[in-house]
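The block underneath contains the structure these notes are about, expressed in structure tokens.
Please treat every number below as a calculation from the coordinates, not as lab data. None of the values given here were measured: they were computed from a predicted structure. Neighbour counts are summed over all protein chains in view; Cβ atoms, including those assigned to glycine, are modelled from backbone coordinates with ideal geometry.
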Amino acid sequence: MNYKEEFIEFLVQCDALKFGAFELKSGRIAPYFINTGMFDTGSKIKKLGTYYARAIDAHFKTEFHGIYGPAYKGIPLCITAACALADMGIDKGYVFNRKEAKTYADKSAVVGMPLTPDTRLILVDDVITSGKAIQESLETLKGCGNPQVCGIIISVNRQEKGKTDKNALEEVADTLGIPIFAIVTIREIIDFLHNRDIGGNIVLEDQMKAKIENYLKTYGSDV
């Protein structure tokens, strides 16, 4: 298997990928849900970092200086991705922001590697919806050396429409002026899992696949 297929199996094994009926922030009722809070042990978060690292390597090679993770979910992601990259022979820095600035000692709004206008960062996060949190991170970084965020890696591209018929991630990428890549897309998940036996169970049977396809006919983009 390639790293994308391995990641999909990993989502299933960690119970981070669920099928059913889930109300999203947008108000849509989706037949699938990604819960990255299920990567809740040392071994799981370590393995998760390898998939982010492999995606970073696939899209950016070594053309960056460090990994940035927006608080809070991005903090373990940037650290585990940096560790996994080091294991691959790509030793890069990491940095994350504080939600609340300290009023004593080191008052910097970020923790980690030094930043300058020449620093090139890859931002890692679990998912992106409106891009508001990413925009807030970019504003924080402007006051902390003003580094360049040259790309973003997330876990799953849901391939759903945003405010227009355009893919929501593409809308955010256009607004930010930063390319966004996902480890996998929802289409890759569907195609790989359909009628596949993982751990003695058929994860995605015909009936659930049909529900997902109907949902994507209404809300999907580029699927």
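Structure summary
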| quantity | calculated |
| --- | --- |
| Exposed chymotrypsin sites (Phe, Trp or Tyr not before Pro) absent: longest stretch of the chain, with sites in DSSP loops and at most 12 other Cβ within 10 Å deemed exposed | 105-223 |
| Helix axis angle, 42-60 relative to the chain longest principal axis, alpha carbon, degrees | 80 |
| Helical mean residue ellipticity (222 nm; -39500 (n - 2.57) per DSSP H run of 4+; nearest 500) of the chain | -12000 deg cm²/dmol |
| Cα centroid separation, region 43-58 to region 149-183 (Å) | 20 |
| Dipole of the chain [Lys/Arg +1, Asp/Glu -1 at C-beta], most positive-end residue of ALA210, GLY37, GLY200 | GLY37 |
| Among the listed pairs LYS92/LYS132; LYS73/LYS161; LYS73/LYS163; LYS4/LYS132; LYS44/LYS217; LYS92/LYS142, those beyond 32 Å (Cα-Cα) | LYS44/LYS217 |
| Relative contact order (%) - the chain, alpha-carbon pairs under 8 angstrom, separation at least six | 17 |
| Within the chain, longest stretch clear of exposed GluC sites (Glu not before Pro) (DSSP loop, no more than 12 other Cβ within 10 Å) | 101-223 |
| Those trypsin sites (Lys or Arg not before Pro) in region 1-82 that DSSP places in a loop and that have at most 11 other beta carbons within 10 Å | LYS25, LYS61 |
| Dipole in debye (nearest 20) - the chain, about Cα centre, beta carbon charges: Lys, Arg +1; Asp, Glu -1 | 500 |
| Cα Rg, Dmax (largest Cα-Cα span) when computed across region 3-219, Å | 17.9, 59 |
| Separation of the ARG98 and CYS144 label points, Cα + 7 Å toward Cβ, nm | 1.0 |
